[in-house]
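Asks: Dumping the structure here so I can ask a few things about it.
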Amino acid sequence: MRQISINRRSNRVLYNVTISVDSLKYEEWLLFMREEHIPKIFSSLCFESYRICKILGEEAGGTAVAVQYVAYSTESFEKYNTEFAPRLQAEHQERFGTSAAAYRTTLEIIEEGHLVDDSVE
């Protein structure tokens with residue numbers, strides 16, 4: 001029987017950064033994110049995980065990407081946002097300018113779930 005495993009997670013924050021990256025800069029931007037930007041974000045000790053998602057569908061002249069980070073708590077996210085984000089956002093802006101325009105959204109995680117399949121041994 002298939003069931004859904006539900007985890008109620010209070011106080012965690014999903015920080016979503018949607019970025020429109022110029023197609024000519026996409027590979028450089030992705031390398032920068034993997035090798036420089038994300039490691040610096042994790043050095044803040046405010047986040048437990050991240051994912052990079054390519055938004056499906058073509059955008060004229062660019063690639064749309066969502067980078068999602070999960071903060072341990074509201075307090076962790078606030079610490080990141082005040083102590084680390086301004087410098088890291090400035091570095092990103094200085095490196096890519098209008099070639100990688102970002103839009104940020106902050107969400108409280110209320111509940112998460114995944115499929116549990118008891119028939120798999």
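Asks: Would you pull out the residues with amide H under 5 Å of residue 62's amide H, same chain only if 5 or more places away, H placed 1.01 Å from N?
Replies: Under 5 Å from the amide H of residue 62: 23.
Asks: For all pairs of alpha-carbon atoms in the chain, what percent lies in each bin of width 10 Å, listed from the first bin to the last filled one?
Replies: P(r) over the chain, rounded to whole percents: 12, 38, 28, 16, 5, 0.
Bear in mind these aren't lab numbers, they're just calculated from the coordinates by the rules spelled out. Quick caveat: nothing in here was measured; it's all calculated off a predicted structure.
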